[in-house]
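Participant: One structure, as structure tokens, below. Some questions next.
The values are calculated or read from the model by the stated rules, or taken from the named source; none is laboratory data. None of the values given here were measured: they were computed from a predicted structure. All Cβ positions, even for glycine, are placed from backbone atoms using ideal geometry, and neighbour counts span all protein chains on display.
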Amino acid sequence: MKLTEHRLQELSKIEVRYFTGPSSEKPYLEILVIKYIGVYGFGSGGNADARYMRAMVRAGIDAFEPWGVVHDLSELSYEWGDMLDQVFIGPDVEHSVMAVVVGPNCEEAVRTLCLGERSTEPLEKIGWVFRDLETAWTYVDSQIA
């Protein structure tokens with residue numbers, strides 16, 4: 001039998017950080033903020049980044065058992081790659097309360113990923129994508145209520 005060893009951190013150079021805080025509506029329920037820092041590979045070059053990020057999302061959800069998730073992409077550079085949308089998941093199917101925060105180096109690419117490459121509709125049309133963490137947090141918190 002021939003086995004190949006793998007380490008998740010070898011899939012991507014994206015840094016992933018976790019933060020938690022209580023819901024203002026129900027303080028016994030936690031909201032998880034997952035912050036991504038780095039450069040997401042262009043096109044299919046980002047597939048490994050997406051797989052790594054998705055694995056880190058699942059690990060964070062399993063570890064912290066939140067009722068809501070905010071994906072903070074404000075420090076991520078992302079131009080294009082179809083698999084990034086697979087990262088945008090909530091705690092589980094029953095409680096899929098989730099929001100995304102974009103920054104200047106990913107806003108346009110996230111907008112076209114969600115609304116279509118040729119779309120001229122504004123980012124606000126998406127409804128769960130925001131430009132700042134506080135607004136995203138408030139959105140998730142209100143969905144928990």
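Participant: Examine region 72-82 for a residue that is assigned to a helix (DSSP H, G or I), at pLDDT below 95 and over 12 Å from the mean Cα position of the chain (by Cα), and state whether such a residue exists.
Facilitator: There is at least one residue in region 72-82 that is assigned to a helix (DSSP H, G or I), at pLDDT below 95 and over 12 Å from the mean Cα position of the chain (by Cα).
Participant: Going by the structure shown, is MET1 within 12 Å of the chain's Cα centre (by Cα), farther than 18 Å from LEU113 by Cβ and among the hydrophobic types (A, V, I, L, M, F, W, C)?
Facilitator: Spelling it out, it is not the case that MET1 is within 12 Å of the chain's Cα centre (by Cα), farther than 18 Å from LEU113 by Cβ and among the hydrophobic types (A, V, I, L, M, F, W, C).
Participant: Hey, any hits in region 106-125 for a residue that's closer than 20 Å to LYS26 by Cα, out of contact with any Leu (no Cβ under 6 Å at 6 or more places or on another chain) and not aromatic (Phe, Trp, Tyr)?
Facilitator: Checked region 106-125: no residue is closer than 20 Å to LYS26 by Cα, out of contact with any Leu (no Cβ under 6 Å at 6 or more places or on another chain) and not aromatic (Phe, Trp, Tyr).
Participant: Another question, then. Could you pull out the residue among ALA99, ALA63 that is out of contact with any strand residue (DSSP E or B) (no Cβ under 7 Å at 6 or more places or on another chain) and closer than 21 Å to PRO27 by Cβ?
Facilitator: Going through ALA99, ALA63 in turn, just one is out of contact with any strand residue (DSSP E or B) (no Cβ under 7 Å at 6 or more places or on another chain) and closer than 21 Å to PRO27 by Cβ: ALA63.
Participant: Sort out which residues of region 87-129 are over 20 Å from VAL33 (Cα atoms) and either acidic (Asp, Glu) or not in a helix (DSSP H, G or I) (or both), and write them in order of number.
Facilitator: GLU108, GLY116, GLU117, ARG118, SER119, THR120, GLU121, PRO122, GLU124
Participant: Can you tell me which of ILE37, ILE31 is surrounded by fewer than 16 Cβ atoms within 10 Å (Cβ to Cβ), among the hydrophobic types (A, V, I, L, M, F, W, C), at pLDDT 90 or above and in contact with a strand residue (DSSP E or B) (Cβ under 7 Å, 6 or more places away or on another chain)?
Facilitator: After applying the criteria, what remains is ILE37.
Participant: List pairs: first residue in region 24-48 and in a strand (DSSP E or B), second residue of a type in the set (S, T, N, Q) anywhere in the structure, Cβ distance under 7 angstrom, at least six positions apart or on different chains.
Facilitator: Once the first residue is in a strand (DSSP E or B) and sits in region 24-48, its partners that are of a type in the set (S, T, N, Q) give GLU30/THR20; ILE31/THR20; ILE31/SER23; LEU32/THR20; VAL39/SER77.
Participant: Within region 59-72, is there a residue that is touching a Cys at 6+ places or on another chain (Cβ under 7 Å) and more than 23 Å from ARG118 (Cβ to Cβ)?
Facilitator: No, that holds for no residue.
Participant: Anything in region 123-134 that is surrounded by fewer than 14 Cβ atoms within 10 Å (Cβ to Cβ) and free of Cβ contacts under 8 Å to residues at least 24 places away in the same chain? List them, or say none.
Facilitator: Selection gives GLU124, LYS125, GLY127, GLU134.
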